[in-house]
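Novice: Let me begin by handing over the structure; questions about it come next.
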Amino acid sequence: MTDFDCTPQVDLEFMNAEHRKAFDDANQIKRLLEIGKTDLSLVEKRIDRCLDKLLADTENHFYLEEKYMEQYQFPAREKHRLEHHQFLRAMNIECRLWQSTHNLAAAERLERYIDKDFPQWLVNHIVTMDTVTATYIARHGGSAL
Ligand SMILES: [Fe+2]
Ligand SMILES: [Fe+2]
């Protein structure tokens, strides 16, 4: 499990809340994949629903950051938006691969994604782009967000 409490916090509370949600969503999928090792058919529908939630939460998370970057005219907002866009595209591919097959190989691939690629990208994004963005917005009057 990736522990949100071990991830550095940024200067805006709404962003920390979105990041916690992302780790919670991913950890829930991990738990289901673990149960699925005995019998995948027991959990495939629940994994589908959790992936839909992860996607929806991620879209909302990025939407909120992008809205505030625009409002506060964060200088590197285009670069930050592009990182979100690329990550969401890759996440959509992973979700579709699982949802269109529901087999063991797809479960193993999904587990690698949820266990490794997803948290690695997220932590790296939080300590770089999100940290700089949050500091900028907080310093320019967005401290209550
Ligand atoms: Fe973020
Ligand atoms: Fe971000």
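Novice: Note down all Cβ pairs under 9 Å where the first residue falls in region 47-58 and is surrounded by fewer than 21 Cβ atoms within 10 Å (Cβ to Cβ), the second is outside any helix (DSSP H, G or I), and they're at least six residues apart or on different chains.
Specialist: Filtered contacts from region 47-58: ASP48/HIS102.
Novice: Looking only at region 16-32, which residues are touching a helix residue (DSSP H, G or I) at 6+ places or on another chain (Cβ under 8 Å) and either without any contact (Cβ under 8 Å) to a residue 12 or more places away in the chain or not basic (Lys, Arg) (or both)?
Specialist: GLU18, HIS19, ALA22, PHE23, ASP24, ASP25, ALA26, GLN28, ILE29, LEU32
Novice: SER143 versus (1) hydroxyl-bearing (Ser, Thr, Tyr); (2) in contact (Cβ under 8 Å) with a residue 24 or more places away in the chain; (3) within 16 Å of ligand 2 (Cβ to nearest atom): which is the lone unmet condition?
Specialist: Every condition holds for SER143 apart from (3).
Novice: Please find, among LEU64, LEU42, the residue that is touching a helix residue (DSSP H, G or I) at 6+ places or on another chain (Cβ under 7 Å), at pLDDT below 95 and more than 14 Å from PHE118 (Cβ to Cβ).
Specialist: Answer to the selection: LEU42.
Novice: PHE87 versus (1) touching a Leu at 6+ places or on another chain (Cβ under 9 Å); (2) within 14 Å of ligand 2 (Cβ to nearest atom); (3) over 20 Å from ARG20 (Cβ atoms): which is the lone unmet condition?
Specialist: (3)
Novice: Among the candidates ALA138, ALA134, ALA107, single out the residue that is crowded, with 19+ Cβ neighbours inside 10 Å, part of a helix (DSSP H, G or I), touching a residue at least 60 places away in the same chain (Cβ under 8 Å) and more than 13 Å from ligand 1 (Cβ to nearest atom).
Specialist: Result of the check over ALA138, ALA134, ALA107: ALA107.
The values are calculated or read from the model by the stated rules, or taken from the named source; none is laboratory data. What you see is a predicted model; the values in this text were computed from it and never measured. Please note: Cβ atoms are built from the backbone with ideal geometry, for glycine as well, and neighbour counts cover all protein chains shown.
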